[in-house]
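Enquirer: Let me give you the structure first, and then I'll get to my questions.
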Amino acid sequence: MAEGSVTTIIRKVVFKAEPYLPQVPKPKKKIPLQTRLLWCGVCLLVYMVMGQTPLFGATAPQFDFLAFARVIFASQQGTLVELGIGPIVTSGLLMQLLRGSDILKFDFKKPEERGVFQTATKLVTYVVIVAESIVYAIAVYGGGVSEPYFLYVMIGQLMAASIMIMFLDELIQKGWGIGSGISLFIMAGVAQQILWSLFSPLPGGDGGMIGIIPYTAEFFATGGGDIANIFFRVNQLPSIFGLCLTAGILLILVFTQGMKIEIPIVSTKYRGFSAVYPIKLMYVSNIPVILASALTANAVFIFQMLWANFNPQNNSFFMNLVAQFSTVDNNTPIGGIIYYITPPRGLEAASLDPMRAVGYVLFMIGIVVVFGRLWVELGGLSPKSAAQNLLDADVQIPGFRRSNKPVEALLNKYIPSVTIIGSMILGLLAGVSDVLGVFGSGIGVLLMVDILINYYTQLVREQVEVVMPRLGGLLGRK
């Protein structure tokens, strides 16, 4: 089938389906900042309540197929957010890859084309929600259900909750809130994990509490012992080493986020106005890490299900090449390709198999670079798109003609380089942090910091837009 015909079919399907799709309406006028912050808080509260509401009829599953992706998908096992933002991220990843490979052809400069693509993505999200809900319910909870009725109820709960999450994200993105629901939910989930690692009073299985702060206080209050016990704890429990590592990674991320190349710009409409156009070292933001993690998580999810159903004793030669899991702890990979694209968490695990640790870090660097370069083209961040954005914002670079070619040539000196270097740093930090065991996971901390900085940038943009709306929109771009 020709590429153009696929896009034509998509347009026809969207045209027929759009009138029947429930939509969150855009606000008729711009909502005050305080009101949008309130909407963000309400959506986050609803999501967190769903994350504490258990699935009706759910039993303790033998497998946790999403264990590797809980942070990325902002999900909680056994609750209404069992699937989290997984269907939204998966459908978005699929559609972006189809567009990036030119199977789908849409011109995002035209608002109607962008609208068709967004509606098509929403349709795919519905399909993914239905598919993932059915497959996950059968694979995880199907064996513990005595009556088919309970399985249908389980599938219905997963579908309804995932659709609710999709609408919460849409509500924030349509202008009722700030940023995106996906980013907000990920940030809240990671922050919750970090706070849990710091302050949890529950027993940790090593004679002390889970939280490193109450554990340390208890350690010294009871006379202590071997001080190494608070620096390195067993079973991947929070430790002083993990706390120091987390603080160090946070400092590195904040420092690298502030590194940028500044290109001077002047306004063509307001005489005397000058500013700078920043090209950040982390130019690609957190999107490549999310895409890479989502792809890896889906691969682990699929092959773990295949292993559980067709190779539970690891006796198939061909399936063992792809994935092997422990027959004692069914969530632990022990061989195959999957083994090397999942991290050994903690110093002890990494020291037992350094090749796996190194392999995982190199894999993360490579895949984040690939998705970083892809996202620059897909997300309108290429030198050509950035040059056009500058011209559309009624600004120009001193010493350069106000046309696309010379501005694009200047940006082409920096953007490809910072894309690769920034992606390599992101992949390295995410991989090393996951292996060494930072609080909230390496990828989670990386995403949280970037999301917080993005929110800060958006709040600054809100203030700029009051004075110069078009320039404010430009400065809000990553």
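Enquirer: Given the convex hull over the Cα atoms of segment 118-233, what projected area results after averaging over all orientations, in nm²?
Expert: Result: 11.4 nm².
Enquirer: Let me ask something else. What aspartates and glutamates sit close enough to LYS30 to cross-link, taking a C-alpha to C-alpha distance under 15 Å and skipping anything fewer than 8 places away on the same chain?
Expert: GLU462, GLU465
Enquirer: Next question. Considering the convex hull of the alpha carbon atoms of segment 183-268, report its projected area averaged over all viewing directions, in nm², one decimal.
Expert: Approximately 8.8 nm², given one-decimal rounding.
Enquirer: Could you list which residues have their amide H under 5 Å from that of PHE325, counting only those 5 or more apart in sequence or on another chain, with H placed in the peptide plane?
Expert: Distant-sequence amide H within range of PHE325: ILE334.
Enquirer: Report the net charge of residues surrounding ILE420, where surrounding means a beta-carbon distance below 15 angstrom and charges are Lys +1, Arg +1, Asp -1, Glu -1.
Expert: Value of the local net charge: +2.
Enquirer: Now for a separate question. Over the Cα atoms of the chain, each weighted equally, I'd like the Debye log10 I(q)/I(0) at q = 0.05 Å⁻¹, rounded to two decimals.
Expert: Normalising to I(0) and taking log10 leaves -0.21.
Enquirer: Listed highest first by mean packing, meaning other Cβ atoms within 10 Å per residue, what order do 345-356, 13-24, 408-419 come in?
Expert: The packing order, highest mean first, is 408-419, 345-356, 13-24.
Enquirer: What span do the alpha-carbon atoms of segment 323-453 cover on each of the three principal axes, reported in whole Å from largest to smallest?
Expert: In descending order, the Cα extents are 66, 28, 21 Å.
Enquirer: How big is Rg to Rh over segment 377-430, alpha-carbon atoms, Rh as the Kirkwood inverse-mean-distance radius?
Expert: Details: Rg = 13.1 Å, Rh = 12.1 Å.
Rg divided by Rh gives 1.08.
Enquirer: Within a Cβ distance under 15 Å of SER162, other residues only, what is the Lys/Arg minus Asp/Glu net charge?
Expert: Summing Lys and Arg as +1 and Asp and Glu as -1 gives -3.
Enquirer: Starting from the Cα of LYS28, draw a straight line to each of the lysines and keep only those under 20 Å, dropping any in the same chain fewer than 8 residues away.
Expert: LYS174
Enquirer: Could you name the aspartates and glutamates in cross-link range of LYS269, using Cα to Cα under 15 Å and dropping any fewer than eight places away on the same chain?
Expert: Counting by Cα, and skipping residues close in sequence, LYS269 has these aspartates and glutamates nearby: ASP392, ASP394.
Enquirer: Can you give me the long-range amide H partners of LEU55? Hydrogens built in the peptide plane at 1.01 Å from N, cutoff under 5 Å, separation of 5 or more residues or another chain.
Expert: So LEU55 has HN proximity to THR79, LEU80.
Enquirer: Charges only on Cβ, +1 for Lys and Arg, -1 for Asp and Glu: so what's the dipole of the chain about the Cα centre, in debye to the nearest 20?
Expert: 2260
Enquirer: Label points 7 Å out from Cα along the Cβ direction at PHE273 and ASP226: separation in nm?
Expert: 6.6
Enquirer: Tell me which residues come under 5 Å, amide H to amide H, from ILE265 once H is placed; ignore anything under 5 positions away on its chain.
Expert: Correct list: ALA275, VAL276, TYR277.
Enquirer: Run through all the Cα pairs of segment 238-380 and give the fraction in each 10 Å bin from 0, expressed as whole percent.
Expert: 10, 26, 29, 18, 9, 5, 3, 0
Enquirer: Now for a different question. Run the helix sum for the chain: -39,500 (n - 2.57) per DSSP H stretch of 4+ residues, divided by residue count, reported at 222 nm to the nearest 500 deg cm²/dmol.
Expert: -20000 deg cm²/dmol, from helical runs alone.
Enquirer: Once each part is reduced to its C-alpha centroid, what is the distance from segment 392-422 to segment 428-446 in angstrom?
Expert: Taking the Cα centre of each part, segment 392-422 and segment 428-446 sit 33 Å apart.
Enquirer: Protein chains only, probe 1.4 Å: how do VAL284, VAL328, VAL432 rank by accessible area, largest first?
Expert: VAL328, VAL432, VAL284
Enquirer: May I have the convex hull volume per residue, in Å³, for the Cα set of segment 153-308?
Expert: On the way: hull volume 35.8 nm³, N = 156.
Each residue corresponds to 230 Å³ of Cα convex hull volume.
Enquirer: Here is the link list: LYS122/LYS384; LYS384/LYS413; LYS12/LYS122. Which ones come out longer than 18 Å on Cα distance? If you can, show how the numbers build up before the last one.
Expert: Numbers: LYS122/LYS384 28 Å; LYS384/LYS413 12 Å; LYS12/LYS122 15 Å.
Pairs exceeding 18 Å: LYS122/LYS384.
Enquirer: For segment 172-182, in order, what is each residue's ³J(HN,Hα) by Karplus, 6.51 cos²θ - 1.76 cosθ + 1.60 with θ = phi - 60°, in whole Hz (x at glycine and Pro)?
Expert: Ordered by residue, 3J(HN,Hα) equals 5, 6, 6, x, 6, x, 10, x, 9, x, 4 Hz.
Enquirer: Any idea how far the Cα center of segment 345-370 sits from the one of segment 122-196, in Å?
Expert: Centre-to-centre distance over Cα atoms comes out at 30 Å.
Enquirer: With point charges of +1 on the Cβ of Lys and Arg and -1 on the Cβ of Asp and Glu, referenced to the Cα centre of segment 77-129, which listed residue (THR121, PRO87, GLN77) lies farthest in the positive direction of the dipole?
Expert: Value computed over the given set: THR121.
Enquirer: Something else about it: Enumerate the calculated ³J(HN,Hα) couplings along segment 24-39 in order (Karplus 6.51 cos²θ - 1.76 cosθ + 1.60, θ = phi - 60°), each rounded to whole Hz, writing x wherever the residue is Gly or Pro.
Expert: 8, x, 6, x, 5, 9, 5, 8, x, 4, 4, 5, 5, 5, 5, 4
Enquirer: Excluding ligands, DNA and RNA, what is the solvent-accessible area per residue of the chain at a probe of 1.4 Å, expressed in Å²?
Expert: Details: 23120 Å² over 478 residues.
Value for the chain: 48 Å² per residue.
The values are calculated or read from the model by the stated rules, or taken from the named source; none is laboratory data. Computed from a predicted model, the values in this text were never measured in an experiment. Because the Cβ atoms are built from the backbone with ideal geometry, glycine has one as well, and the counts that use them run over all protein chains shown. Please note that ligands, DNA and RNA were not included when accessible areas were found on the heavy atoms of the full protein model with its side chains. Shrake-Rupley method; radii C 1.70, N 1.55, O 1.52, S 1.80 Å.
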